[in-house]
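**Q** Got a structure for you, written out below as structure tokens; questions coming shortly.
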Amino acid sequence: MLKRVDVRFIRTPEEMGLEKPVFIEGLPGIGHVGKLVADHLVKELKTEKVVEIYSHHFPPQVMVKEDGTIAIPKNEIYAYKSEGESPDLLILVGDFQSISNEGHFELVNAYIDVAKKFGAKRIYTLGGYGIGRLIEEPYVLGAANSKELVEELKQYGVKFEDGEPGGGIIGASGLLLGVAMLEGIEAACLMGATSGYMVDPKSAKAVLEVLMKMLKLEVSVEALNERAKEMEKLIAQIKEMQESAIQQWRGEEDLRYFR
């Protein structure tokens, strides 16, 4: 039977042997910024799936795959065993967050429990910060659960602005910081500035570049670059359509003047 939050270990912490891994969350959110980064890391690094998480708090549906079989909603955690200077990683990915307030708390408790079982000492949550307008050069805003971590992030160009993000950080990206603080785990959120209108690979790239510096990771960004170029073409088309509409409106206004 499916539990309210059903955590299923595919590989145990003992089997993986990770050393003080950094836990990274990248679930769907504004501009899909965090999801793009986390999915990219899972694909580019030599990761292995270690946990599947099912829950009553995910949408009540199944997805039908191309071959006609179904898949039930789940989130997954992948492990990366470092072979260099970068730390070991646990990367939380998936297609859903909770559809209820209660579910957010239950799921975040489960994520924290998994992080603790693997010995994680730090958590980074990833997301987008919607500013309601198109921007040319994305930047990264931050929030952390300790002053020491705030100062550390500033050294990597992460911005901390008074009152921003307004309204706080909703969902797993924010709640993980709070629950981690209660559990004595350092945690910070990296938010790529984005319009909030569409999927934003350019903002995701900005977040990934900061994360790579912080974790001394070497990851190709080519796939995000290609997606960013495609999005820029789309934005250019939207701007052209907007300008055309404005010109048409002005022309109609001029004609009304002579009637």
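Each reported figure results from applying straightforward, stated rules to the coordinates on display, with no laboratory input. Predicted model, so just to flag it, every value in this text is computed and none were measured. Cβ: placed from backbone, ideal geometry, glycine included. Neighbour counts: every protein chain shown.
**Q** Indicate, rounded to the nearest 5 percent, the antiparallel portion of the DSSP beta bridges found entirely in the chain.
**A** 55
**Q** Please check: in the Gaussian network model of the chain (C-alpha springs, under 10 Å), which one of L92, L176, L45 has the largest mean-square fluctuation.
**A** Residue with maximal mean-square fluctuation among L92, L176, L45: L45.
**Q** Please give the contour-minus-distance gain from I70 to E230: 0.36 nm per residue of separation, less the Cα-Cα distance, rounded to one decimal in nm.
**A** So the chain would gain 54.5 nm between I70 and E230.
**Q** For L182 and E136, FRET efficiency with R0 = 45 Å and r from the beta-carbon atoms, rounded to 0.05?
**A** My answer for the efficiency is 0.70.
**Q** Same structure, new question: If contacts are Cα pairs under 8 angstrom and at least 6 residues apart, what is the relative contact order of the chain in percent?
**A** For the chain, the relative contact order is 22 percent.
**Q** When the Karplus curve 6.51 cos²θ - 1.76 cosθ + 1.60 is applied with θ = phi - 60°, which whole-Hz ³J(HN,Hα) does each residue of the stretch 87-97 get, with x for Gly and Pro?
**A** Those phi angles translate into x, 5, 10, 10, 10, 8, 10, x, 9, 9, 10 Hz.
**Q** Can I ask one more? Zone of E152 (label point 7 Å along Cα→Cβ, backbone N under 15 Å): which residues in the stretch 98-120?
**A** The answer is 120, whose backbone nitrogens lie closer than 15 Å to the label point.
**Q** Around N109, under 12 Å between beta carbons, what's the net of Lys plus Arg minus Asp minus Glu among the other residues? Walk me through the numbers before you get to the answer.
**A** On the way: positive: R4, K116; negative: E102, E106, D113, E183.
Summing Lys and Arg as +1 and Asp and Glu as -1 gives -2.
**Q** Could you give the spread of the C-alpha atoms of the stretch 21-121 along their three principal axes, from largest to smallest, in whole angstroms?
**A** Principal extents (largest minus smallest coordinate, Cα): 42, 34, 26 Å.
**Q** Per 0.36 nm of contour for each residue apart, how much would the distance between K121 and N109 grow if the chain were fully extended, relative to their Cα-Cα spacing?
**A** Details: separation 12, 0.36 × 12 = 4.32 nm, distance 1.56 nm.
That works out to 2.8 nm of additional length.
**Q** For the stretch 5-220, just the Cα set please: Rg and Dmax, both in angstrom.
**A** When restricted to Cα atoms, the stretch 5-220 yields Rg and Dmax of 16.5, 51 Å.
**Q** Right, here's the next one. Among P165, P201, P60, whose mean-square fluctuation peaks in a Gaussian network model of the chain (Cα, cutoff 10 Å)?
**A** Greatest mean-square fluctuation among the candidates belongs to P60.
**Q** Pick from E66, E218, E85 the residue whose mean-square fluctuation is largest in a GNM of the chain, springs joining Cα atoms under 10 Å.
**A** Among E66, E218, E85, the largest mean-square fluctuation in the Gaussian network model of the chain belongs to E66.
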